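Have a look at the structure below, then the notes.
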Amino acid sequence: MAPWVVSVLEKFGLLTRAIGSFILAGVLCVPGTAGAQVGKVYRIGALHEAWAPNYPAVEGLRTGLKAIGLEEGRDLVIDNRFTEGNYQVMPVVAADLVGSGVDLIFTTHEPSTKAAMAATRKIPIVFSIVSDPAASGIVKDIAHPSGNVTGVTSLGAELMPKRIEILKAVVPNLRRIWFIYAADDPIALRALSAVQEAAPLLKLKAVVRPARSAEEVARVLAEVRPGDGLMHPLSVALDIPNQIWLFPNHVYQRLTPRGHLHHLAPGR
C-alpha cells in the first residue's frame with residue numbers, strides 16, 4: 001500500500017476516534033443525567049446534506065463509536081437524516097430530529113450545524129468538517145466552545161492553497177484547475193477567494209463555477225477537458241451520484257455517461 005494511503009487511513013482513524021469521543025462526552029452530559037444510564041439505548045441524530053445514507057462522515061462516526069466500545073443497536077441507534085444537497089430544508093429536518101427526542105445531534109459542515117443550533121439549545125450538538133467554527137459563529141472560542149456545541153474543525157478553506165500546490169507538484173504540466181462549489185455553502189465561498197489568490201502564484205488559470213443542482217454540475221463538468229485539474233468540492237452537497245466521485249486523497253474523477261472513469265489529469 002502506498003505511504004500516502006497509509007497516512008490518510010491513519011489520520012482518518014484518529015479523526016473517527018476523536019469524533020466518537022466527543023459523541024461519548026455529549027451522551028454522558030445529557031441534561032438531567034449523572035453519567036450514562038445503565039441499559040439505556042441512546043438515540044443519535046445525524047444531520048447532513050449528502051445524497052445517500054452511507055455518507056463517509058457517518059460511517060466514520062460508527063467506526064469511532066465502535067472503537068471506544070459503543071455498539072450500534074446495543075448502546076445506541078443512529079437516526080440518519082440527509083437532504084440530498086438541499087440546504088433550504090435543513091431547518092425543517094433539524095426541528096424534526098429535535099422533536100423526535102434524540103439525545104444528541106451529529107452534524108457535518110456549517111449549514112447543518114447552524115440548523116441544529118437554531119432548533120435546540122439543550123440537546124448536545126457535535127459537529128465535524130466545519131472549516132472555521134469561530135469565524136462562522138458556531139462557537140465563541142475554539143479552545144472553549146461553551147454552550148451545547150462542540151466538534152472537530154477541518155480547515156477546508158484554509159488548506160485549499162496547499163491542495164493546489166500538491167496537485168501542481170503531482171502534475172507539473174498542469175495549466176488549468178477547476179473549482180466547482182456549492183453556491184449556498186459559506187465554507188465554499190471562503191475557499192473561492194483562496195483558490196483565486198493561490199492559482200496565479202503557481203502559474204495556473206483558475207476556473208470557478210457555482211452549482212446548485214445535479215444538472216448544473218453536469219453542465220460544468222462537460223466543460224472540463226483532459227489535462228485539467230479538478231479541485232476537491234468542499235461541500236458534500238456536490239458529491240452527486242454519477243457526477244463526481246470522491247477519492248480518499250480528495251482527487252476527483254468524472255464518470256462518463258456509460259459509467260467509465262474519465263481521468264482528468266494527464267498520466268493518471
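Rule-based calculations on the coordinates, nothing more; no lab input. For clarity, every value in this text was computed on a predicted model and none was experimentally measured. No Cβ is skipped: glycine too gets one built from the backbone with ideal geometry, and neighbour counts run over all protein chains shown.
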query = Which links in K66/K114; K66/K122; K114/K168; K40/K122; K114/K203 stretch past 31 Å when you go from one Cα to the other?
reply = K114/K168; K114/K203
message = If I stretch the segment between E223 and Q88 completely, what's the gain in nm (0.36 nm per residue apart, minus their alpha carbon distance), one decimal?
response = 45.8 nm
request  = Mind pulling the per residue volume of the convex hull built on the Cα atoms of the stretch 93-165? Å³ is fine.
outcome  = 80
Residues listed by number, the stretch 190-218, amide nitrogen under 18 Å from A135 label point at 7 Å toward C-beta = 190-199
remark   = Per-residue Cβ contact counts at 10 Å, fewest first, order V89, V208, V236 as V89, V208, V236
ask   = Across bins of 10 angstrom width beginning at 0, how are the C-alpha pair distances of the stretch 153-204 distributed, in whole percent?
value = 25, 55, 20, 1
